[in-house]
Each structure stands twice: as structure tokens, then as C-alpha cells.
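Read the figures in this text as sums done on the coordinates, not as results from a lab. This is a predicted model, so every value here is computed, not measured. Glycine also receives a Cβ, built like all others from the backbone with ideal geometry; neighbour counts cover every protein chain displayed.
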């Protein structure tokens with residue numbers, strides 16, 4: 001596998017003369033809870049501003065996701081001034097600050113990494129206890145917290161927030177359209193929890209991209225994203241099923257993993273907006 005530079009003319013050729021364009025942007029202020037659509041996103045060191053700076057853990061500080069607690073999908077976070085408002089059917093809304101420094105320091109664990117965090121407001125913990133039916137902690141990652149990205153992804157040692165591994169997940173509309181063509185019941189894009197959605201390309205065009213530019217910011221497409229059972233959780237009901245993972249496994253399997261979308265890292269700071277063109281700078285050649 002290797003990459004090559006392509007001219008703008010070469011990149012625009014094709015049967016349909018498709019133009020990649022950003023059609024959706026999303027942040028997830030609280031890890032593994034409902035996402036928030038945005039019109040523009042400010043890219044900082046850790047990724048999109050306000051993305052996954054809060055997280056729910058168990059009493060020991062071990063991170064929780066929809067893999068273990070599918071009802072986290074029912075918690076919808078939105079930004080209201082300097083606060084995050086969290087809502088769920090049957091519960092009164094609760095507010096948490098966008099930036100928090102008043103709680104006690106505590107160590108939390110996420111994917112084998114021990115990270116320093118700040119325990120959030122008790123009102124938020126009571127709210128999530130009512131939602132999940134279990135005692136939990138709500139924690140915030142302050143700017144001083146050091147969580148380096150894995151060396152294989154960023155030898156420079158970039159820091160990330162509470163995302164799984166990398167700051168961004170990119171998926172094309174065409175890829176979802178192809179999946180839904182194969183499903184008896186279509187699923188929405190929120191099953192895959194992307195940060196950047198791209199329209200105007202054929203299914204899985206993103207598999208070949210290596211370096212791209214959006215709104216003046218360069219990104220490196222690192223590798224396909226292996227999908228877990230979170231994709232089988234209905235984000236409106238919090239109920240887990242078997243699709244779309246079962247169908248994806250019939251045509252998107254690589255070894256023991258099922259791939260859908262691409263893990264992406266930014267190579268600069270700036271802003272991206274809905275409607276920005278995605279410029280493909282280099283692609284991968286598959287032997």
C-alpha cells in the first residue's frame with residue numbers, strides 16, 4: 001500500500017464528477033451519550049471544541065459506554081450558553097458547565113490509560129444514576145490532563161479527550177446509503193456516531209483517501225474504524241439489536257473485525273463548516 005499525489009484534474013475525474021462536500025458535523029459533549037449537530041466546528045489540539053470532555057464512569061472510575069450501558073444513548077446533550085443541558089424522556093433536565101474545575105481530582109481509566117479528571121456536580125451524578133439505575137461518576141477532563149494519542153496514530157504525542165482513540169470519525173453518506181440498500185430496515189447515521197459526514201461521493205470512497213483538506217485544515221485518514229455493538233443500539237430507544245453489524249459483517253469484514261468509516265487525525269488547527277469542500281490531496285493504492 002502506498003500513496004501518491006493527485007492533481008485536481010485527476011481527482012475530479014469519474015463517471016459522475018462527484019464533489020466531496022461536508023454535509024454533517026457532530027460533537028458528543030459527554031462520551032457515549034447523544035450527539036449534537038453543529039454548523040461549524042472549531043478544531044483545537046484534542047479535536048473539536050467541547051467534544052468528549054465529559055464522561056460517565058462506574059464507582060471505580062472505569063469508563064462506561066453504550067457497549068455496557070445502552071441507555072446512555074437516551075441522554076441528549078446540547079450547549080446552552082456556558083452550560084451543557086442534558087435531557088432524557090421522563091427525567092427533568094440537568095445542567096453541567098462546559099468547563100469545570102470545582103470538583104475533586106480523581107483518576108479514571110479509559111482503554112487501559114489512566115487519566116486525571118475532575119469529578120463533576122453531584123446533581124449530574126444523581127441524574128445519570130436515575131437514567132442507568134446504578135451508581136456512577138460524572139467526570140470532566142481539564143486542560144491540564146494529559147492523555148496522549150497512541151504512538152502508532154501520532155508519533156508527535158498529540159493529546160486527545162475522552163474519544164476512544166483518535167479525535168475524528170469520518171463517514172460518507174454514500175457508505176450509509178449502500179448499507180441501507182442491503183438492510184430490511186434502514187438505520188440513520190447516528191448509529192455510527194461520526195464527527196464529519198461527507199456527501200457527493202460513491203460508497204466507501206473514504207477507504208482510499210489518505211490526506212484531505214477541509215476548510216483550510218489538513219487531515220490524515222489513518223485507518224478504517226472497527227465497529228462494535230454500539231452500532232446496534234437504537235439511539236432513540238436505547239434498545240440493542242443485531243443490525244446493522246450483522247449485515248456489515250457480510251461485506252465489510254477484515255479478519256475478525258467489521259469496518260465502517262475512517263479514523264482521522266487533524267494536522268492543523270482551524271475551523272470546518274457545513275458545505276465546505278473536502279479536497280483529496282492523496283489516496284491509497286491497494287494491491
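Things worth noting here:
- Gain on full extension, evaluated as 0.36 nm per residue between residue 144 and residue 156 minus their Cα-Cα distance, stands at 2.5 nm.
- R0 of 35 Å, Cβ-Cβ distance residue 182-residue 42: FRET efficiency to nearest 0.05: 0.45
- FRET efficiency estimate (nearest 0.05) - Cβ-Cβ, residue 284 to residue 91, R0 51 angstrom: 0.65
- Compared with the dominant Cα axis of the chain, that is its longest principal axis, helix 122-132 is turned about 70°.
- Solvent-free Debye calculation, one equal scatterer per alpha-carbon of the range 68-138: log10 I(q)/I(0) at 0.14, 0.22 Å⁻¹ equals -0.47, -1.11.
- Peptides 47-53, 75-81, 86-92 ordered by packing proxy, namely the average of other Cβ atoms within 10 Å per residue, highest first: 47-53, 75-81, 86-92.
- A simple packing score, the average count of other Cβ atoms within 10 Å per residue, orders the peptides 30-41, 123-134, 140-151 as 30-41, 123-134, 140-151, with the highest score first.
- Size-normalised alpha-carbon gyration radius of the chain, reference 2.2 N^0.38 Å: 1.01
- Residue 101/residue 229 FRET efficiency (R0 22 Å; Cβ-Cβ; nearest 0.05): 0.05
- With an a/c value of 1.5 or above and a/b not larger than b/c for the gyration tensor axes a ≥ b ≥ c computed over the alpha-carbon atoms, the range 230-287 is described as oblate.
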